[in-house]
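*Asks:* For reference, the structure I am asking about is given below.
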Amino acid sequence: MPDSSSSVMPLPDNGNKYDLNFARWVYKNVNGGDKLSMCMQCGMCSGSCPIGTEMDHGPRKLFMMIRAGMKDAVLSSNTMYNCTSCYRCVVRCPRGVPVTYILQDLGRVAVQAGYAEAKKTDNARFAKAFNWSTRAFGRTDERLFTLKYYLSFGIVTAIKKAMANMPIALGLLKTKRMHFGAPHRIKGTKDLRAILDKARAIEKSKQGF
Ligand code: SF4
Ligand code: SF4
């Protein structure tokens, strides 16, 4: 794991398609990146991934691209956002590579470096709505959280999505898995917000770009 006490080097940018400085940067600054050299390209991770067909590149290929220094191709990939963090790859990797951690942290790097088009990426919209609900109520309120996510696409798409999912909503109401009325809040939402703000400030202070 990277040494969080050391200063973070800026993300290299020499304009080349292949830049080995990017590989070195990932080894040093991405969570789990120091284990990338253990990868023997066996493909167990990609072969085990339940969502691999939805990724631009499976983890094995992405790791090879990192080694080749393909910064733009790696950071503009959707692989990190489509990973569901099921950890199947981690459990099966014969070399102990923390695949999930690496993907999660690469996603953060891509967002911070402006590659992720956070406003357009579906998973980013979802994460934003989740974050909003967590800050507001200390938990996910299925109705408002989903509404917030749908509205991020614009009102027309939101109505279409809501109509398409109406049978599911009715089923949840019928089985008392969703309630009417005011959202449930945890105790101490203010304290939780303070924790989240602190975590964000720490994260920001560690940014290398
Ligand atoms: S399973 Fe592990 S060693 Fe094999 S390609 Fe994936 S990360 Fe590399
Ligand atoms: S943790 Fe992510 S990359 Fe690994 S198997 Fe699960 S979905 Fe695929």
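*Asks:* If you go through segment 111-133 one residue at a time, do you hit one that is over 22 Å from I168 (Cβ atoms), within 14 Å of ligand 1 (Cβ to nearest atom), outside the structural domain of G188 (by TED's automatic domain parsing) and crowded, with 18+ Cβ neighbours inside 10 Å?
*Replies:* no
*Asks:* Could you tell me whether I168 is over 26 Å from N82 (Cβ atoms) and part of a helix (DSSP H, G or I)? Break it down into steps so the answer makes sense when it comes.
*Replies:* On the way: over 26 Å from N82 (Cβ atoms): no; part of a helix (DSSP H, G or I): yes.
Taking the combined requirement at face value, the residue does not satisfy it.
*Asks:* If you take the residues in segment 47-61 that are surrounded by 18 or more Cβ atoms within 10 Å (Cβ to Cβ) and farther than 23 Å from L20 by Cβ, which one is farthest from ligand 1 (Cβ to nearest atom)?
*Replies:* Applying the filter and picking the extreme gives M55.
*Asks:* Moving to a separate point now. Within segment 78-90, can one find any residue that is outside any helix (DSSP H, G or I) and under 29 Å from G15 (Cβ atoms)? Steps first, answer last, please.
*Replies:* Step one: list which residues in segment 78-90 are outside any helix (DSSP H, G or I), which gives 78, 83-87.
Checking which are under 29 Å from G15 (Cβ atoms) leaves us with 78, 83.
Yes, because at least one residue in segment 78-90 is outside any helix (DSSP H, G or I) and under 29 Å from G15 (Cβ atoms).
*Asks:* Run down K17, K28 and say which single residue is among the basic types (K, R), away from ligand 1 (no atom under 13 Å from the Cβ), under 25 Å from T121 (Cα atoms) and surrounded by fewer than 16 Cβ atoms within 10 Å (Cβ to Cβ). Full working, then the answer.
*Replies:* Values: K28 fails: under 25 Å from T121 (Cα atoms).
That would be K17, the only listed residue that is among the basic types (K, R), away from ligand 1 (no atom under 13 Å from the Cβ), under 25 Å from T121 (Cα atoms) and surrounded by fewer than 16 Cβ atoms within 10 Å (Cβ to Cβ).
*Asks:* Okay, next question. Among (1) among the aliphatic types (A, V, I, L, M); (2) outside the structural domain of K187 (by TED's automatic domain parsing); (3) more than 14 Å from the chain's Cα centre (by Cα), where does L144 come up short?
*Replies:* Against the list (1) among the aliphatic types (A, V, I, L, M); (2) outside the structural domain of K187 (by TED's automatic domain parsing); (3) more than 14 Å from the chain's Cα centre (by Cα), L144 comes up short only on (2).
*Asks:* Just for segment 134-156: of the residues that are among the hydroxyl-bearing types (S, T, Y) and either more than 19 Å from L196 (Cβ to Cβ) or without any contact (Cβ under 8 Å) to a residue 40 or more places away in the chain (or both), which one is surrounded by the fewest Cβ atoms within 10 Å (Cβ to Cβ)?
*Replies:* Looking at the filtered set, the residue picked out is T140.
*Asks:* From the residues in segment 96-110 that are in a helix (DSSP H, G or I) and of a type in the set (A, V, I, L, M), which one is surrounded by the fewest Cβ atoms within 10 Å (Cβ to Cβ)? Working first, answer last.
*Replies:* Of segment 96-110, the ones in a helix (DSSP H, G or I) are 99-110.
Narrowing the set further to residues that are of a type in the set (A, V, I, L, M) leaves 99, 102-103, 106, 109-110.
Details: V99: 30, I102: 27, L103: 25, L106: 25, V109: 24, A110: 22.
Filtering first and then ranking leaves A110.
The values are calculated or read from the model by the stated rules, or taken from the named source; none is laboratory data. Just so it is clear, the model here is predicted, and its values are computed rather than measured. FYI the Cβ positions are ideal-geometry reconstructions off the backbone, even for glycines, and counts take in every protein chain you see.
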